[in-house]
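Here the structure is laid out as structure tokens; the discussion comes afterwards.
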Amino acid sequence: MAQTMADIKKQAGEKMAKSIDTLKHNLAKVRTGRAHAGLLDHLRVDYYGTPTPINQVANVTLVDARTIGVQPYEKKMVQAVERAIRDSDLGVNPATSGDMIRVPMPPLTEERRRDLTKLVKHEGEEAKVAVRNVRRDANTHLKEILKKHDVSEDEEKRVQDEVQKLTDKAVADIDRMIAEKEKELMAV
């Protein structure tokens, strides 16, 4: 079945929204000086031989602005959870007392803030490239429909303009998200 102009535009919009969601998810992983429970969401714990998300084997809470508290549901999981946090890419050093694991967030150095800002900009560029690729694919599909003489050139041009508007909006959203994250990172 041939794709219609509306299908192409709808798919392009959905794919661009997915790119923005992926960026949002990736930016949430970038650590600022403050603690938030979502920082550990991407970690997996070896739960009886199965890599399991940390929030399924432990209660993750905020103790204070700079400390995350992790309390495994099973006492024998304390070591596995602590190991997963220590071996993660977060650069934190968990401390265990009883069955409670405290994860203090070290303050960020100026150099680390700059490194994280570069990382955030890189993530933003990756998202923009993904959005532009979606636009390119949509425009290719539109040209194929035009070649088959299923639509007029005016109609194809109109939908191309609409896809470009979706692209512009997505890029503006990405720029806004990057600016917010940079501001958050540079705030001491």
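Throughout, read-outs are computed from the coordinates displayed, never taken from laboratory work. Predicted model only: the values in this text are computed from it and were never measured. Cβ placement follows ideal geometry from the backbone for every residue including glycine, while neighbour counts extend to all protein chains displayed.
Within a 10 angstrom radius of the beta carbon, how do E110, E82 rank from fewest other beta carbons to most? Let's see the in-between values first.
Numbers: E110 9, E82 19.
Neighbour counts put them in this order, fewest first: E110, E82.
What is the Cα centroid distance between the stretch 110-188 and the stretch 33-74, reported in whole angstrom?
33 Å
Cα gyration tensor of the stretch 1-81, axes a ≥ b ≥ c as square roots of the eigenvalues: rounded (a/c below 1.5), prolate (a/b > b/c) or oblate? It would help to have the intermediate numbers written out before the result.
Working: a/c = 4.67, a/b = 2.06, b/c = 2.27.
Here the stretch 1-81 falls in the oblate category.
At 222 nm, what helix-only mean residue ellipticity would the chain give, in deg cm²/dmol to the nearest 500, using -39500 (n - 2.57) for each DSSP H run of four or more? Please report the intermediate quantities before stating the final value.
On the way: 5 runs with 110 residues, N = 188.
Calculated mean residue ellipticity at 222 nm is -20500 deg cm²/dmol.
If you keep only loop residues by DSSP, which trypsin sites (Lys or Arg not before Pro) in the stretch 128-188 have at most 16 other Cβ atoms within 10 Å of their Cβ?
On the way: sites: K128, R132, R135, R136, K143, K147, K148, K157, R158, K165, K169, R176, K181, K183; in loops: K148.
Here the trypsin sites (Lys or Arg not before Pro) that fit, given the DSSP loop and packing criteria, are K148.
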